[in-house]
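Below you'll find the structure, written out as structure tokens, and then a few comments.
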Amino acid sequence: MNKFIGLIILVFFCTHTAVAIAAAEDDIVLNGDAKCTVCHDEADSPELLAIGKTPHGVRADDRTPTCTSCHGESVGHIEHKGKNKPPKPDRTFGKHTATPAADRNQACLNCHQKDNKRHLWVGSAHETHDIACNACHQVHAAFDSVQDKRTQPDVCFACHKEQRAQVNRQSHHPVLEGKVSCSDCHNVHGSAGPRLMKADSVVTTCYACHAEKRGPFVHNHQPVTDDCTNCHMPHGTTADNLLKARPPLVCYQCHSGHGTPGIAGIAPGVTTNPQSDTFIEQGRGCLNCHTEIHGSNNPHGGHNLLPSAFFLR
Amino acid sequence: MNRIHANPFRLLAAATAALLACGQTRAETSEEVILLTTPESHVDTGIGKVTSGSDTKRFSQYTGITDNTSVLQDLEIIKRDNATGLWTTVSARNTGLETRELNFSQKKQGKWKYAVDYNEIVRLDPYIIHTGMTGVGTTRPTIALIETPSMPAAWATANGLDASNGVQGNDVELKLKRTAYGVSADRWITPELQVEIAFRNEDKNGARMFGRVGMPSIKDMRNNPDATGASANGGWAILLTPEPIDSNTRTIESRLNFSRNKLALSVGYNGSFYANQFGSMTPNVPGTLNRGTLWTNCATVGCSTVQQLVSAPVALPPDNQSHQYFLTGNYAVSNTTRSNFRLAYTIGVQNESFAGMGLTPSASAPGSLGAVVNTTLAQFGLTMRPLPALSLNAGLRYEDRADKTPVYVYNTGGVTNNALNGTTNWPSGSQTRTAVKLDGIYRLANGNSVMLGLDRERKKTPLPPANTALFSKQIFFRPVLDETGVRAEYRKAISESLNGAVGAEYKQRRGNDNDWVTTSGTVGNELISFDPGAPAVVSDAGGNFVLPVMYMDRNRTRLRGNIDWDATKEISLQTVIEHSQDHYLRAFPASITPAQVVPVDAGARDITSDSLTLDSAYRITDDWKANGYWTRSYNRWNVNKANNGDDTRNTGNTVGLGVSGRATADWTVGLDILTTRDKTTFDNVVATGNTGGAGNIAGWAGQSLPGNFLPAINYQTDRISLRGKYTLNLTSDVSLRLTYQHFKTDDWQWGYNGIPFLFSDNTTVSQPMSQVARFFSASYVLRF
């Protein structure tokens, strides 16, 4: 009898221990991945295993996911037998997936919701347009292009195609040169600013790098404090300094200005007194004189030393 | 008994051994798995060389790669301790260039992280300045007259230039450099509580385009060189005095993040501190420039000489600080209802001493501006999913920017006829914006969806203080504007391989015509109301009429459509078409008589942007792929100067082509081609009576229209990049890159028809109109 009981215990113990040990031993990338990697192994899908190179693949971090954390338990897929194609996992992330974007995103948000950069994701422009995380991120790749500022713009340009043309204009931020990236100005995961600006407004986003424009000054230029994009197109233009149009044309949207625009103003040849219009249309245009266009902190605004109120000094 | 007890454990041990042996089936392949799952490091070392001499301005502008041979070195070392989850990362980029980046970080994932980084950004000005000026980049540039550049003799004579009195000039190239380092750290105190802190320090040094003008009055820049109109020479001076830059920006970001169940919160402080080593610039200007002695007989009305004017200090950006306190978070009300919110309070301060900046305030002004701007932001969003197919989003945003800067009389110049005497500082402006948005998204079957949205915003701009009046009825304000908009989008999956979307947005911004106020023209008086129904004659005195675009009625239209088609397994195509237009309505009724026509016609009219993109990708074989795109853009800038129309149109074509693949077992190659063509045309309609008249341009008089239009400007860039990688073995490659870039323009900004734009010291600015850069690099790449 004792022998029989001992055998029962042995079989029970062995069975359960064996399953546990086998499962742990068979995990090759993520904790608990054996049920998937038994098929999707290095021979079948080597590209999937690159997740092991990423933070998701850190098994010492007990927060990291396993395959089913994102793809669902996928019982039908796992237990499928036969030669026909198995049903797809519960959640798939390919281009033609039937899994709604919200469901795919929830797989990520289950963990990343607590990240402060995603606090305003819900209701943001990308969320309401059903942009899924995997539209930009490559979870299984060692190198996620969107997280490197040299390659990030190409990811964004996949949808924002006009901006791809704009950054190739001669007046541009050093985006193509890999020194400024889209996420330096935009928080694509949602923000309190317009157009997913990283800060709470356009001007405060720009002041992050251009703090000298912040002032306030003795004499402020109202469009500056209102919105930099009143005059500038940050993605690239054909006018210097990312201006939407070259002075005086950009200024004429508010100002009547001096002089008369026309070829007469650009030194056409023999003239007697070209200075007025030349100074307006050539060189730095209006800024030849109104050089303090973002505001002047000169407290001596008297006319006899040129009015700083007109941003001249 | 012992035997009975012994047997099960022996059996257990045997079973375990068998299972472990069975596990070795996977373990035997572990070397391949380890390669596939272990973070990879690499070191790239090589050299790069640009040829074509100095004609590489555009290529070098941000790359920092000039015609010198450059050392190119990148590395990325990533080590991970699998047992503890400790990552150590060292990366370096462009270490041989002026755009170098260094980064070191360590993190124990889920526990803590710290990082140190160093970053440089360089900007080489694309223009060449030919000047006799010395002290460029300092607060005391010294101006020296140089010889007049070669130009038609008749032109120089006609302009009364003192051509040959100066010395020979030199070429000066301006450069700006940002050098930054940062330190950041975060730590999970508990699984629910994380603290983050980051500090960044950036120094900015160099010089950039700036200017200095000296003239007794605006008239002297036009037909009357001095207050009496007696002299053609010496009435004005305009100089290119580069802005010296030696500034520092420091930022601190700190936050405490908390998350539990349905709630996530972040509370923190952001500080930004700007410090400028330079307070003002005072040019050292000689008494004679290219138009003669810098004197003017306007002394009879109290003016200073032009030399005094142009030598007066120019204010440089003052030190300033910003302090922000915020609370941001989200809360899952239920499985189908979520909310998010942000509260922020920002204090902006600018109180740098005028004396410390080298500036002299008027007697009635304080020692510093004492500027304080407080901004309050409250945002709340709610998203619900009452039905599985229906999502509803609601958002409320309130932002109040309160400018608390004290108002003092700053302008006490004391010159007769000085309209600015007794006027005050001009605050940056308070503003309140309250916006509401509602979205509804209904997701139909088969991946189709419909979205409808409504927007409403009220923008309130308190009026500027009294004492800022310049001229009567010259600057216009409107304190309240309301904008209402609708949005719609329809997305349709036509088939598994074909889907598309169309979207439209229309917004109307309106203010009450009876709310218009304008400057009284009397110093010390309040702004006065402006009755558009019975307007008095408005003023364009000195060409200073201002109708700010921010206050005008506006209709905004945006349309977007896209199609995404996987034509075959190998070929995918995308098309995106976009249109946007801001149409500004005339602020006043057209019934106003011609004598009062200025405000009717002046200002922005239509600002339009259209673009069409065709994009394709082709998977030729498993080893080869290609892609191509074409974007055509059209922008129209239709603004209206008083009595003249300015209709600027820009047409751009950008084409990109790429092909890459594995040529042999050892060679992978790629080719990228980019070509852009931008053309800007100017359709300036000169009003009757102004033809050739405003500047008394005798040489122009009688020439026929439409030749009076500004000439078109063309920009062209062609770039070809060829890259190849030869695999030496499993862990090393040789990488080769060849880039050819051709830049070409006919821009007349700094000169036209052989006549350069001439500053008063005969300084000229130019850029090579055709630039060719050839860049070759070779690198050895070691992976480990």
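The values are calculated or read from the model by the stated rules, or taken from the named source; none is laboratory data. As the structure is a prediction and not an experimental result, all values here were calculated from the model. As a convention, Cβ positions derive from the backbone with ideal geometry for all residues, glycine included, and neighbour counts pool all protein chains shown.
Okay, here's what the table says:
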quantity	calculated
From A:ARG150, A:ARG118, residue being surrounded by fewer than 20 Cβ atoms within 10 Å (Cβ to Cβ) and assigned by TED's automatic domain parsing to the domain that holds A:CYS182	A:ARG150
When residues of segment B:317-327 are limited to those that are facing chain A (nearest Cβ under 8 Å) and assigned to a loop (DSSP other than H, G, I, E, B), the one surrounded by the most Cβ atoms within 10 Å (Cβ to Cβ)	B:PRO318
Residue list for segment A:27-83, restricted to those being within 14 Å of another protein chain (Cβ to nearest Cβ), more than 18 Å from B:ALA83 (Cα to Cα) and β-branched (Val, Ile, Thr)	A:THR37, A:VAL38
Enumeration of residues in segment B:112-148 that are within 14 Å of chain A (Cβ to nearest Cβ) and among the aromatic types (Phe, Trp, Tyr)	B:TRP112, B:TYR118, B:TYR127
Residue satisfying all of: in segment B:242-258; within 20 Å of the chain's Cα centre (by Cα) and among the β-branched types (Val, Ile, Thr); farthest from A:ALA199 (Cα to Cα) among these	B:ILE245
Matching entry among A:PRO46, A:PRO55 (being of a type outside the set (Asp, Glu) and under 23 Å from B:PRO191 (Cβ atoms))	A:PRO55
Test set (1) assigned to a helix (DSSP H, G or I); (2) facing another protein chain (nearest Cβ under 10 Å) - B:PRO361 fails condition number	(1)
Within segment A:216-259, tally of residues that are touching a residue at least 40 places away in the same chain (Cβ under 8 Å) and more than 24 Å from B:PRO317 (Cα to Cα)	4
Test: residue in segment A:185-207 that is without any contact (Cβ under 8 Å) to a residue 60 or more places away in the chain, within 10 Å of another protein chain (Cβ to nearest Cβ), in a loop (DSSP other than H, G, I, E, B) and over 20 Å from the mean Cα position of the chain (by Cα)	no
Qualifying positions in segment B:328-358 - in contact (Cβ under 8 Å) with a residue 40 or more places away in the chain, within 10 Å of chain A (Cβ to nearest Cβ), among the aliphatic types (A, V, I, L, M) and not in a strand (DSSP E or B)	B:MET357
Matching option when the condition is closer than 17 Å to B:GLU32 by Cα and at pLDDT 90 or above, among A:LYS88, A:LYS53	A:LYS53
Strands (runs of 3 or more DSSP E) wholly inside segment B:714-784 containing at least 2 residues that are closer than 29 Å to B:TYR634 by Cα and out of contact with any Asp or Glu (no Cβ under 6 Å at 6 or more places or on another chain)	B:732-745, B:770-783
Subset of segment B:470-492 that is modelled with pLDDT under 85 and not in a loop (DSSP other than H, G, I, E, B) - its residue that is farthest from B:ASN514 (Cα to Cα)	B:ILE475
Verdict on A:PRO261 being more than 7 Å from chain B (Cβ to nearest Cβ), in contact with an Asp or Glu (Cβ under 9 Å, 6 or more places away or on another chain) and at pLDDT below 90	no
A:THR97, sole failed condition from (1) in a loop (DSSP other than H, G, I, E, B); (2) of a type in the set (S, T, N, Q); (3) at pLDDT 90 or above	(3)
Leading residue by the ranking (nearest to A:GLY57 (Cα to Cα)) among those in segment A:142-168 that are within 12 Å of chain B (Cβ to nearest Cβ) and aliphatic (A, V, I, L, M)	A:ALA142
Test result for A:HIS126, part of a helix (DSSP H, G or I) and touching a Leu at 6+ places or on another chain (Cβ under 8 Å)	yes
Sole residue being at pLDDT below 95 and surrounded by 16 or more Cβ atoms within 10 Å (Cβ to Cβ), chosen from B:ARG632, B:ARG649	B:ARG649
Members of segment B:353-369 found to be surrounded by fewer than 22 Cβ atoms within 10 Å (Cβ to Cβ) and in contact with a Ser or Thr (Cβ under 7 Å, 6 or more places away or on another chain), listed by number	B:SER353, B:GLY358, B:SER362, B:ALA363, B:SER364, B:GLY367, B:SER368
From B:ILE121, B:ILE129, B:ILE65, residue being at pLDDT below 90 and under 29 Å from the mean Cα position of the chain (by Cα)	B:ILE65
Checking A:GLU162 against (1) part of a loop (DSSP other than H, G, I, E, B); (2) within 30 Å of B:ILE713 (Cα to Cα); (3) modelled with pLDDT under 95, the condition it does not meet	(1)
